[in-house]
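Enquirer: Sharing a structure, written as structure tokens. Questions coming.
Laboratory data are not the source of any read-out in this text; all were calculated from the coordinates shown. In this text the structure is predicted, and so the values were computed from the model without any measurement. Here the Cβ is made from the backbone with ideal geometry for all residues, glycine too, and neighbour counts use every protein chain on show.
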Ligand SMILES: CC(C)(COP(=O)(O)OP(=O)(O)OC[C@H]1O[C@@H](n2cnc3c(N)ncnc32)[C@H](O)[C@@H]1OP(=O)(O)O)[C@@H](O)C(=O)NCCC(=O)NCCS
């Protein structure tokens, strides 16, 4: 797998909007068109496409969202239904964590998921996220502390 993250631009945003999850996953993540709308008008929110070589396979968004000023979040993560279970989600998470770590203000990274999203729960736990016990918008909150900060 040669996963790489790229900015959303005028050249690839239409393709990003066309990505979709499986029917039984629709409740787990907002549609990409909505996420791109948020990214366009909120400050400090960064949308990225997940590529395998030059093929767009998924989407993620990170930043310091307006609902929790100052804290770094991975706000969205999705891999297109036709590209799931190839390792893209996990590798994209590893890469975005490294990207966020470069922010010197970042002491921890937060993420949330539907309580019955077992694939997400395990994926994040494998990467070191622990559940904080908080619930935001009926979603379980998990956090990755950055060592030494
Ligand atoms: C969660 C999601 C991004 C994972 O993407 P992915 O590219 O399929 O994940 P990966 O291929 O990297 O797999 C990561 C692990 O999850 C497991 N996994 C992935 N999909 C799975 C499924 N449907 N059922 C069981 N296990 C699954 C993989 O086997 C792998 O396990 P391993 O690390 O022990 O080998 C993808 O399932 C998705 O888009 N889901 C819908 C949206 C969503 O839930 N987003 C997260 C919102 S918080």
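Enquirer: Quickly run through region 1-32 and pick out the residues that are under 21 Å from residue 97 (Cα atoms) and free of Cβ contacts under 8 Å to residues at least 12 places away in the same chain.
Expert: none
Enquirer: Restricting attention to region 139-148, does a residue exist that is assigned to a strand (DSSP E or B) and in contact with a helix residue (DSSP H, G or I) (Cβ under 6 Å, 6 or more places away or on another chain)?
Expert: The answer is yes, given that some residue of region 139-148 is assigned to a strand (DSSP E or B) and in contact with a helix residue (DSSP H, G or I) (Cβ under 6 Å, 6 or more places away or on another chain).
Enquirer: Among 128, 37, which is the only one that is assigned to a loop (DSSP other than H, G, I, E, B), surrounded by fewer than 15 Cβ atoms within 10 Å (Cβ to Cβ) and within 16 Å of the chain's Cα centre (by Cα)?
Expert: Values: 37 fails: assigned to a loop (DSSP other than H, G, I, E, B).
Criteria check complete, one pass: 128.
Enquirer: Of everything in region 73-92, what is farther than 17 Å from residue 139 by Cβ and outside any loop (DSSP other than H, G, I, E, B)? Give them in sequence order.
Expert: Within region 73-92, 79, 81, 82, 83, 88, 89, 90, 91, 92 meet the criteria.
Enquirer: Separate question: Tell me, which residue of region 93-114 that is outside any helix (DSSP H, G or I) and in contact (Cβ under 8 Å) with a residue 60 or more places away in the chain is farthest from residue 5 (Cα to Cα)?
Expert: The qualifying residue farthest from residue 5 (Cα to Cα) is 114.
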